[in-house]
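Visitor: First the structure, which I've put down as structure tokens, then a few questions once you've had a look.
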Ligand code: CTP
């Protein structure tokens, strides 16, 4: 994940029952490419051990023993200086209160006080504590230009009660941490993304479709939201979970089934958009006479009578200044076919990739050639999440060259 790659993160863990879940978070942050220094409060070490975090992060775990140790190093100042961002998960009511009051009586709170890095707090506690006016006012006191709070989820609690206070999904915390450290180059931008296949029904149980998984569109919408855009994802039928996006930048997900529905959804969401990223693989043909009831196999036609579906890109109005990105999955010569398609579809950018042999369609990674106004760029095989960031770099560069859309303030 680009925003977290090679970034120095301090992971603060407080003493709540969700402390064991912080081990999964540590692993996910390391997998996302961050250099993670764990820091456990005294209470946290009664729930989980520093050794667990040292093994997962590959670094020494900071505890209050370092804070009160004799020696030359001043642990809190050194750690504060070294980090690009701080994630405190779980953040207990106690630690939130201490931070809000500017207390510095343990290592974690002292690092927060000594650092200027952005902080993400992931509160997790019993509903009564979370909803207590004292906790609410402590959260409200945190300066909003430096502190972000990811609200807890609602559900079953360790006490057996149900309510707000659960530790959120690891993916939601990752998105929030990435948003905290992202370049925010798409702040104030509106991005419409399509993803997945579409389905055209022959009868209620049979469809024409393709193996697109939707992963490219999902990765683009997620990365755009992390980089600050207001993202709308128009998604065909897929089992892959759509992204939720950071709490302050939720991704709007519009589910569609047919190509005509996708075309309508794109048209209705395009007003005010700065970029249209067409990662979907819409079905090009639909049965001419779909049946409303199931056709028995002995009555199935030997040949299908088809009609073309709308070509979404060809039929769309193109507001001035809109940056467009299309995809072309090709056998044979992807670059050659891509050049023709880019011209025919009037696209700024087109990513052409070879299909077959486990590549491109329905897979977690992709490779190909990116065609654009600045020339052609070979893109080596990489995870679709990384490809999404690379493509958004190029989109962002084109957006920066264009005048702001009329009637809207310039972003940033
Ligand atoms: N596309 C579209 N509407 C369609 C089909 C495709 O807008 N009905 C978009 C895709 O989202 C993609 C680009 O057009 O960004 C190229 O898609 P592709 O399927 O490669 O092109 P087709 O026009 O369908 O051409 P062909 O299948 O003949 O290669």
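Visitor: I'd like the projected area of the range 8-181, averaged over all directions, using the convex hull of its alpha carbons. Report it in nm² with one decimal.
Guide: 9.1
Visitor: Test of understanding: ordering 130, 24 by Cβ neighbours within 10 Å, fewest first, what list do you get?
Guide: Values: 130 20, 24 13.
Final ranking by Cβ density, sparse to dense: 24, 130.
Visitor: Something else about it: Where both partners of a DSSP beta bridge lie in the range 190-401, what percent of those bridges are antiparallel, to the nearest 5?
Guide: Of those bridges, close to 40 percent are antiparallel.
Visitor: Out of the DSSP beta bridges found with both residues in the range 8-181, what percent are antiparallel (nearest 5)?
Guide: On the way: 4 of 22 bridges.
Approximately 20 percent, going by the DSSP bridge assignments.
Visitor: Next question. Using Cα pairs closer than 8 Å and at least 6 residues apart in sequence, work out the relative contact order for the range 190-401, in percent.
Guide: Details: 455 pairs, mean separation 43.7, N = 212.
Reported as a whole number, the value is 21 percent.
Visitor: Assuming 0.36 nm per residue, please report the length gained on full extension of the stretch residue 252 to residue 240 beyond their Cα-Cα distance.
Guide: Additional length available on full extension: 2.7 nm.
Visitor: Which residue fluctuates most in the GNM of the chain (Cα springs below 10 Å): 58, 375, 16?
Guide: Highest fluctuation of the listed residues: 375.
Visitor: If you don't mind, another one. Output the relative contact order of the chain, whole-number percent, from Cα pairs under 8 angstrom with separation of 6+ residues. Don't skip to the answer; put the middle values down first.
Guide: Numbers: 891 pairs, mean separation 47.1, N = 412.
Answer for the chain is 11 percent.
Visitor: Using the 2.2 N^0.38 Å rule of thumb for compact globular proteins, work out how the range 1-106 stacks up: its C-alpha Rg over that value, please.
Guide: 1.02
Visitor: How many percent of DSSP beta bridges within the range 255-374 run antiparallel, rounded to 5?
Guide: Restricted to the range 255-374, the bridges split so that about 40 percent are antiparallel.
Visitor: What FRET efficiency would be calculated for the residue pair residue 131, residue 363, taking the C-beta separation as r and a Förster radius of 41 Å, to the nearest 0.05?
Guide: Calculated value: 0.35.
Visitor: In degrees, nearest 10, range 0 to 90: what is the angle between the Cα axis of helix 170-181 and the longest Cα principal axis of the chain?
Guide: Between the helix axis and the principal axis of the chain, the angle is about 80 degrees.
Visitor: Take the alpha-carbon centre of the range 376-391, take the same for the range 167-214, and report the distance between them in whole Å.
Guide: When both Cα centres are located, 17 Å separates them.
Visitor: Which value in deg cm²/dmol, rounded to the nearest 500, describes the helix-derived mean residue ellipticity at 222 nm for the chain, given -39,500 (n - 2.57) per DSSP H run of n ≥ 4 and division by the residue count?
Guide: Values: 14 runs with 130 residues, N = 412.
Result for the chain, helices only: -9000 deg cm²/dmol.
Visitor: Select from 230, 124, 271 the residue whose mean-square fluctuation is largest in a Gaussian network model of the chain (Cα-Cα springs shorter than 10 Å).
Guide: 271
Visitor: How high is the relative contact order of the range 1-123? Use alpha-carbon pairs under 8 Å, at least six apart in sequence, and give a whole percent.
Guide: Values: 239 pairs, mean separation 36.2, N = 123.
Normalised by residue count, the contact order of the range 1-123 is 29 percent.
Visitor: Distance in nm between label sites at residue 305 and residue 159, each 7 Å beyond Cα in the beta-carbon direction?
Guide: Each label point is offset 7 Å from its Cα along the Cβ direction, giving 6.7 nm.
Visitor: To two decimal places, what compactness ratio does the chain give when its Cα radius of gyration is scaled by 2.2 N^0.38 Å?
Guide: Rg over 2.2 N^0.38 Å, computed on Cα atoms: 1.14.
Visitor: Related question: Distance between Cα centroids, the range 81-97 to the range 325-356: provide it in whole Å.
Guide: Value for the Cα centre distance between the two parts: 46 Å.
Visitor: Name the residue, out of 197, 38, 319, whose mean-square fluctuation peaks in a Gaussian network model built on the chain with Cα pairs under 10 Å.
Guide: In the Gaussian network model the winner is 319.
Visitor: Just check the range 190-401 against the gyration tensor rule for me: Cα atoms, a ≥ b ≥ c as the square roots of the eigenvalues, rounded for a/c under 1.5, and otherwise prolate or oblate depending on whether a/b exceeds b/c.
Guide: prolate
Visitor: Further question on the same structure: Could you give the length gained by full extension between residue 337 and residue 74, i.e. 0.36 nm per residue of separation minus their alpha carbon distance, to one decimal place?
Guide: Details: separation 263, 0.36 × 263 = 94.68 nm, distance 6.10 nm.
Full-extension gain reported as 88.6 nm.
Visitor: For residue 268 and residue 140 in one chain, what is 0.36 nm times their gap in residues minus the Cα-Cα distance, to one decimal in nm?
Guide: Full extension from residue 268 to residue 140 adds 42.3 nm.
Visitor: According to a simple spin-label model (label point 7 Å from Cα along Cα-to-Cβ), what is the distance in nm between residue 203 and residue 346?
Guide: The two pseudo-label positions are separated by 4.2 nm.
Read-outs: derived from the displayed coordinates by stated rules, not from any lab. These figures come from a predicted structure and were not determined experimentally. Reconstructed Cβ throughout: ideal geometry from the backbone, glycine too, with neighbour counts over all protein chains shown.
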